[in-house]
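Trainee: Pasting in a structure now, in structure tokens, and then I'll have a few things to ask.
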């Protein structure tokens, strides 16, 4: 009898960035084909702290925040890779 293939369990990953209160903040990365408006981060308290959560399978993902149309790395994350455009992407590793 063949073993049934199991899908890797997805993990909850929280993303957070500080920006001006009232800004439009999105998250784009290798997990959503770099879609710059697929995941909007929310500011709950009007304090400029924007957060969002994704469910990701274990692996390594590159990402950037888009704040009012401006692409930027995660200043709080020391892990990054250089991309094809000569700029940097932040990197998050999701453990199994």
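The values are calculated or read from the model by the stated rules, or taken from the named source; none is laboratory data. From a predicted model like this one, the values you see are computed outputs, not experimental measurements. Cβ atoms come from the backbone with ideal geometry, glycine included; neighbour counts cover every protein chain shown.
Trainee: Answer yes or no as to whether residue 65 is surrounded by 11 or more Cβ atoms within 10 Å (Cβ to Cβ), closer than 23 Å to residue 96 by Cβ, modelled with pLDDT of 95 or more and in contact with a strand residue (DSSP E or B) (Cβ under 9 Å, 6 or more places away or on another chain).
Mentor: So residue 65 fails the test.
Trainee: Right, another one. Looking at the structure I just gave you, is residue 94 touching a strand residue (DSSP E or B) at 6+ places or on another chain (Cβ under 7 Å) and over 19 Å from residue 11 (Cα atoms)?
Mentor: Spelling it out, it is not the case that residue 94 is touching a strand residue (DSSP E or B) at 6+ places or on another chain (Cβ under 7 Å) and over 19 Å from residue 11 (Cα atoms).
Trainee: Within the range 33-54, how many residues turn out to be more than 9 Å from the chain's Cα centre (by Cα) and not in a loop (DSSP other than H, G, I, E, B)?
Mentor: 6
Trainee: Which one of these is out of contact with any helix residue (DSSP H, G or I) (no Cβ under 7 Å at 6 or more places or on another chain), in contact (Cβ under 8 Å) with a residue 60 or more places away in the chain, surrounded by 11 or more Cβ atoms within 10 Å (Cβ to Cβ) and not in a loop (DSSP other than H, G, I, E, B): 17, 91, 13?
Mentor: 13
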